[in-house]
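Remarks on the structure that follows.
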Amino acid sequence: MNKALTRPQLIGALRKLADDMESLGAAMDYYGGFAAHIAEHGKEIMGASLVARGWADGIECELEESK
């Protein structure tokens, strides 16, 4: 992803990233029964997905306010 993104594209990319992080984190948490550190990292990445989703929400709000 080397080109500049428009704000709507950036919002979409952040939401996709958050969705992917959440899915991956859930899988890591599930398999964490086999290795506890994997489960812990899974929970961390799920938390980070909330941060990315919050960034998308903030950018979207700014975009709506500028209209």
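The values are calculated or read from the model by the stated rules, or taken from the named source; none is laboratory data. None of the values given here were measured: they were computed from a predicted structure. Cβ placement follows ideal geometry from the backbone for every residue including glycine, while neighbour counts extend to all protein chains displayed. Quick note on the areas: whole protein, heavy atoms, side chains included, nothing else; ligands and nucleic acids left out. Shrake-Rupley method; radii C 1.70, N 1.55, O 1.52, S 1.80 Å.
Can you compute 3J(HN,Hα) from phi for each residue in the range 52-63, using the Karplus curve 6.51 cos²θ - 1.76 cosθ + 1.60 with θ = phi - 60°, rounded to whole Hz and x for Gly and Pro?
4, 5, x, 4, 4, 4, x, 5, 5, 4, 4, 5
Rg(Cα) of the chain divided by 2.2 N^0.38 Å?
Relative to the 2.2 N^0.38 Å estimate, the chain comes out at 1.36.
Please report the carbon-and-sulfur percent of the accessible area for the chain; probe 1.4 Å, protein heavy atoms only, DNA, RNA and ligands left out.
61 percent
Name the long-range amide H neighbours of G32: under 5 Å, sequence gap of 5 or more, or other chain; modelled H, no Pro or chain starts.
Those qualifying (amide H under 5 Å, at least 5 residues apart or on another chain) are A39.
Quick one: helix 7-31 against the long Cα principal axis of the chain, what's the angle to the nearest 10°, folded into 0 to 90?
Its long axis makes an angle of about 10 degrees.
Rounded to the nearest 0.05, what FRET efficiency do L63 and A26 give with R0 = 30 Å and r taken as the Cβ-Cβ distance? Could you check?
About 0.55, to the nearest 0.05.
Rounded to the nearest 20 Debye, what is the dipole magnitude of the chain about its Cα centre when Lys and Arg each give +1 and Asp and Glu each give -1 at the C-beta?
260 debye
Using the heavy atoms of the protein chains and a 1.4 angstrom probe, tell me the accessible area per residue for the chain in square angstrom.
Normalised by residue count, the accessible surface of the chain is 72 Å².
Divide by every residue of the chain the summed helix terms, -39500 (n - 2.57) for each DSSP H run of at least 4, and state the resulting mean residue ellipticity at 222 nm, rounded to the nearest 500 deg cm²/dmol.
-29500 deg cm²/dmol
Along the positive direction of the dipole of the chain (beta-carbon charges: Lys, Arg +1; Asp, Glu -1; about the Cα centre), which of Q9, S23, H41 reaches farthest?
Working it through, the farthest residue towards the positive pole turns out to be Q9.
Working out 0.36 nm times the residue gap between I38 and L50, then minus their Cα-Cα distance, what length gain in nm do you get to one decimal?
Fully extending the segment from I38 to L50 adds 2.4 nm.
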